[in-house]
Amino acid sequence: MISTETRLGTVTVSNEYFAKLIGYAASSCYGVAGMVAKGAQRWREFFSRREQIDKGILVKGNAQSITVDLHIVVTYGININAAAKAIVHKVKYTVEEATGITVDKVTVHIDGMKA
């Protein structure tokens, strides 16, 4: 949870909101075949049997800035460096436009390729 105090009250943004926002932004980029669940998310995926848009995303930070870790699968044959740069740019832009919170760092982990 990221909370900030304003003159009108406290504004709280959940990590789930950030994860879904980032998941939609990253999955819309060319070459992203899917997301990879990490840690406790594997259990949720195992029991739900549904595709989760927010799997493989870890958000850390405070009301001024956040850092993001993404675990993705890419399509075979794309330029991985160009795809990772596009994902970083799209995630930063989407989060900063939607929330006004600065994204310090986006780390993209390529965990596999899909044909």
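Where a number appears in this text, it was derived from the coordinates with a stated rule and is not lab data. Because the structure is a prediction, the values reported are computed rather than measured. We place every Cβ from the backbone using ideal geometry, glycine too, and count neighbours over all the protein chains shown.
Quick notes on this one:
- T12-H109 pseudo-label distance in nm [points 7 Å out on the Cα-to-Cβ vector]: 2.8 nm
- Close amide H pairs (under 5 Å, H built 1.01 Å from N) link H109 with L70, H71, I72, residues at least 5 positions away or on another chain.
- Residue with peak Gaussian network fluctuation, the chain [Cα springs, cutoff 10 Å], from S27, S65, S14: S14
- Our coupling estimate for region 23-35, obtained by passing each phi through the Karplus curve with A = 6.51, B = -1.76, C = 1.60 and θ = phi - 60°, is x, 5, 5, 5, 6, 7, 6, 5, x, 7, 8, x, 10 Hz, Gly and Pro reported as x.
- In straight-distance terms, cross-link reach from K60 covers every one of the lysines whose alpha-carbon lies under 24 Å from its own, apart from those fewer than eight places away in the same chain; here that gives K20, K38, K85, K90, K92, K105.
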